[in-house]
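Please read through the structure below; I'll follow up with questions.
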Amino acid sequence: MPLPHPEPVQTSDRSRHDRELLGRLVAGDEAALGELYDLFAPTLNALALRVLRDPSAAEEVVQEVFLHAWNRAGSYDPQRSSVSTWLVLLTRSRAIDRLRTRNVVDRTHDHVRHQAPLHESPRGARRVQDGDRKRRVRAELGALPAEQRQVLELAYYGGLTQSEIAATTGIPLGTVKTRTLLAMKKLRRALHDDLHALL
């Protein structure tokens, strides 16, 4: 008698493992966030990239999705979808929202450029706002735990990718990703739109 095909068992095991990871997120387990990221980030990034056609914007969307998973893992309903489907739908929704926002902003900028008076004021006010934003970001960055501050400084001021940070510091890649996500969560909560406008 032939053995049954193993695929349903593998799928079931994978689904159970994914749900267990979310349960660990609810309990505040940072390592679980790194595992979840390693499992799904490549797929989610590819999806966001297909929608946005902008690698930087796609990466930001994926970061937002995992921040959402960290903050709202308790809202996941296993009766409605698998963990992978939940993350894919979140990514697709966020990417489409960002695309719509970008299109609106582009149209608004085009309109303003065509309607702007010839006696535009100097850019001094914008420089002041940018300076204020930078000071606030530096202050909030300084308040982060040292290990989280390190990865953000290497990424945003050093221009390193997460893989390069891991290679440079000897920190496991999953840990680098987890620290980045947690640091961004704290900064976004503190700075809201100022951080997005600066970065």
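Evaluate the following for Gly131: is it modelled with pLDDT under 70, assigned to a helix (DSSP H, G or I) and not β-branched (Val, Ile, Thr)?
Numbers: modelled with pLDDT under 70: yes; assigned to a helix (DSSP H, G or I): yes; not β-branched (Val, Ile, Thr): yes.
Judged against the criteria, Gly131 is a match.
Okay, next question. Determine if the range 83-91 includes at least one residue that is at pLDDT below 90 and either of a type in the set (Ser, Thr, Tyr) or farther than 21 Å from Arg16 by Cα (or both).
Checked the range 83-91: at least one residue is at pLDDT below 90 and either of a type in the set (Ser, Thr, Tyr) or farther than 21 Å from Arg16 by Cα (or both).
Here's another thing I want to ask about it. Restricting attention to the range 1-27, which residues are modelled with pLDDT of 90 or more and not in a helix (DSSP H, G or I)?
Ala27
The values are calculated or read from the model by the stated rules, or taken from the named source; none is laboratory data. On a predicted model such as this, the values are computed, not experimentally measured, just so you know.
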